[in-house]
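Student: Here it is, the structure, as structure tokens.
The values are calculated or read from the model by the stated rules, or taken from the named source; none is laboratory data. This structure is a prediction, so every number in the text was calculated from the model and none was measured. Note: ideal-geometry Cβ built from the backbone for every residue, glycine included; neighbour counts use all protein chains shown.
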Amino acid sequence: MLGSKLESPMTEKSVIAYFASREAAEEAVNKLRALRALDARVDSFGRFPGSSEGSSTPISGDISSLSSLTLNATVETRDTGILLAADPSASGLSGDPSSVSGHRFVLSAVVPEETHHQALRAVEQSGGTL
């Protein structure tokens with residue numbers, strides 16, 4: 001190594017935050033990209049698996065479970081349908097069944113270590129919870 005310096009690899013940090021709306025999370029993603037985020041994405045999640053999004057037809061009787069109608073859950077077995085339908089949210093009268101905390105969007109990102117603190121501030125300014 002005659003006088004040459006080894007180049008150290010760039011250190012990366014992760015950011016995971018929760019948002020009440022997709023729009024706020026996407027705003028944070030744009031801010032993180034401006035801070036040279038290596039990767040940033042937004043996903044939604046909920047208490048129940050899958051999403052039926054209109055796959056059942058209640059008029060024809062083609063429903064797999066009460067929970068597929070009221071919770072938009074994908075029900076694969078009869079037992080799962082019974083258990084999900086027993087949840088108080090299945091009545092459809094208990095508010096938003098997809099989220100207990102109201103934060104149903106998660107932002108995950110990888111940023112360079114030197115911009116990590118700025119990235120955390122940008123996420124919080126966009127309404128994210130770290």
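Student: Please determine whether any residue of the range 8-29 is modelled with pLDDT under 70 and not aliphatic (A, V, I, L, M).
Tutor: Scanning the range 8-29, I find at least one residue that is modelled with pLDDT under 70 and not aliphatic (A, V, I, L, M), so the answer is yes.
Student: Further, regarding this structure: Working only within the range 10-42, note down all residues that are surrounded by 18 or more Cβ atoms within 10 Å (Cβ to Cβ) and in contact with a His (Cβ under 7 Å, 6 or more places away or on another chain).
Tutor: Y18, F19
Student: One residue is enough: does the range 43-53 have a residue meeting the conditions closer than 23 Å to H116 by Cα and either surrounded by fewer than 17 Cβ atoms within 10 Å (Cβ to Cβ) or modelled with pLDDT under 95 (or both)?
Tutor: Residues of the range 43-53 that are closer than 23 Å to H116 by Cα, as a first pass: 43.
Cutting the leftovers down to either surrounded by fewer than 17 Cβ atoms within 10 Å (Cβ to Cβ) or modelled with pLDDT under 95 (or both) gives us 43.
Yes, the range 43-53 contains at least one residue that is closer than 23 Å to H116 by Cα and either surrounded by fewer than 17 Cβ atoms within 10 Å (Cβ to Cβ) or modelled with pLDDT under 95 (or both).
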